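**Q** Just passing along the structure, written as structure tokens.
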Amino acid sequence: MSNKWESNAEIQRFREYLRIRTVQPNINYGECIEFLKKQARDLDLPIEIHHPYDETKPIAVITWHGTDPTLSSIVLNSHMDVVPVFENLWTHPPFGADIDEQGQIFARGTQDMKSVGMQYLGAIKVLKDKGIRLKRTFHVIYVPDEEIGGDNGMRLFVKTEAFRRLNVGFALDEGIATPDEVFSVFYAERSVWRVDFICHGTTGHGSLLLENTAGEKLRHIIDRMMDFRAEQQKILKNNPELSIGDVTTVNLTIISGGVQSNVVPPSLTALFDVRIAVDVDHDAFEAMLRNWCKEAGGDIDIQFVAKRPKVPPTKIDSSNPFWEAFHETLVDDLHLKIKPLVFPGRTDSCYIREVGVPAIGFSPLNNTPVLLHDNDEFVSADVYLTGISIYTKLIEKIGNL
Ligand code: ZN
């Protein structure tokens, strides 16, 4: 198949990146790093590879130096990995990067988020080709394993001396595509908690009515958690201004326990996935959970499988000059519509914000069906190239702040 987009150098670079199988689990990042080294060479930019975990989890940093080294730098972050595919449910090979007659490019990672990783470079190339030099230094960072929590990637990297030396003042990271013209812009994330309630109780014969059984306690905990869930659902439904990231979500994900059908077990366990809204006091929330355990009859252990700290949102007002520049570029200069939101899931921005660096999640993918982690993930070539123009303006503005 041949069409007008195939000869475009930016589309070629993007499709080449999409064909590298950085798919979870157990990724070999070697080919991807070689590809990024080649991009850095082509752009005449230095690249450094860091290994905050070990050799299998590389982090690439491509740097475009600014003219004023006293100013803080800007990070343009993206992750190299993508989620698995159900190949038989795709109409195009998921690592083929086919482009159809309408210019739709199909591959895992077209939206999440190999597009963004290459658009950053496309924008820098436009500026460099014009001979433009910006005041601030840009670090284009490629991290591993975001899709499995970033524990051996960005979480470690932000705590290294190497990261500290980058002197980062602001970061851009991923957002989500939108089916209409309004771009979503993410300034915060909820805190992920995974709470395991291990309910201990009287054991005995299944024919009796024993007191203080694990089952009764488990019922109480599930009731309280589900009542809380229903309240949050109501808050969300009754206020059209709110989106899912504005409320606390609670979901029962695993129940386990029991030994035999006629034996009352010594313990039963319920695991909840909880995403705590940004305005909730964590200590008060935990106290509420512990109080429910007491109400249920006690002897319930709480184990936190995950317990992310409260991370302040990135300011989206005049106190943050980077936000002002972001807003001005998109809304005033480019006449685009944006909607600031709390991200519904988790991205590596949480680690960046945790070390005090303001970060905005933004993928310039509007008028695009939301297909991240889905079958037939695609982006249209026109949307992709427009995204490069948006980043070009944005980088130029922020880089001269
Ligand atoms: Zn992503």
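**Q** Run the quick spin-label model on ASP42 and ASN26: label points 7 Å from Cα toward the beta carbon, then report their separation in nm to one decimal.
**A** Each label point lies 7 Å from its Cα, and together they span 3.2 nm.
**Q** Still on this model: Taking the alpha-carbon distance from LYS57 and a cut-off under 17 Å, which lysines remain once sequence neighbours fewer than 8 residues away in the same chain are dropped?
**A** Counting by Cα, and skipping residues close in sequence, LYS57 has these lysines nearby: LYS37, LYS159.
**Q** Loop sites only, by DSSP: take the trypsin sites (Lys or Arg not before Pro) in the chain that have at most 11 other C-beta atoms within 10 Å and name the longest stretch containing none of them.
**A** So the longest stretch without any such site is 131-401.
**Q** Simple spin-label model, 7 Å along Cα-to-Cβ: ASP68 to PHE304 in nm?
**A** With each label point 7 Å from Cα toward Cβ, the separation is 4.1 nm.
**Q** For the chain, what class follows from the C-alpha gyration tensor (a ≥ b ≥ c being the square roots of its eigenvalues): rounded when a/c is under 1.5, otherwise prolate if a/b is larger than b/c, else oblate?
**A** prolate
**Q** Residue separation times 0.36 nm, minus the C-alpha to C-alpha distance between SER389 and ASN88: what's the value?
**A** Computed gain between SER389 and ASN88 is 104.8 nm.
**Q** Not counting the cut sites, what is the longest span of the chain without GluC sites (Glu not before Pro) that DSSP labels loop and that have at most 10 other Cβ atoms within 10 Å?
**A** 242-401
**Q** 5 Å is the cut-off here: which amide hydrogens, built 1.01 Å from N in the peptide plane, fall below it relative to ASP145, excluding neighbours closer than 5 in sequence?
**A** MET80, ASP81
**Q** Given the C-alpha centroids of the stretch 42-79 and the stretch 322-378, what is the distance between them in whole angstrom?
**A** One Cα centre to the other: 21 Å.
**Q** Moving to a separate point now. What full-extension length gain, to one decimal in nm, is calculated for ARG194 and LEU336 as 0.36 nm per residue of separation minus the Cα-Cα distance?
**A** Gain on extension, ARG194 to LEU336, equals 47.3 nm.
**Q** Rounded to the nearest 20 debye, what is the charge dipole size of the chain about its Cα centre when +1 sits on each Lys and Arg Cβ and -1 on each Asp and Glu Cβ?
**A** 720
**Q** Considering amide H positions built from the backbone, and no H for Pro or chain starts, which residues 5 or more places from ALA306, or on another chain, come under 5 Å of its amide H?
**A** Placed amide hydrogens put ARG194 under 5 Å from ALA306.
**Q** Taking R0 as 45 Å, what FRET efficiency do you get between VAL355 and MET226 from their Cβ-Cβ distance, rounded to the nearest 0.05?
**A** That gives a FRET efficiency of 0.80.
**Q** Given the options ILE254, ILE276, ASN212, identify the residue whose Cα lies farthest towards the positive end of the charge dipole of the stretch 191-307 (+1 on Cβ of Lys, Arg; -1 on Cβ of Asp, Glu).
**A** The residue sitting farthest along the positive end of the dipole is ILE254.
**Q** About the Cα centre of the stretch 271-346, how large is the charge dipole given +1 on each Lys and Arg Cβ and -1 on each Asp and Glu Cβ? Please answer in debye to the nearest 20.
**A** 220
Each reported figure results from applying straightforward, stated rules to the coordinates on display, with no laboratory input. A quick note: this is a predicted structure, and the numbers were derived from the prediction, not measured. A quick note on method: Cβ atoms are made from the backbone with ideal geometry, for glycine too, and the neighbour counts reach across all protein chains shown.
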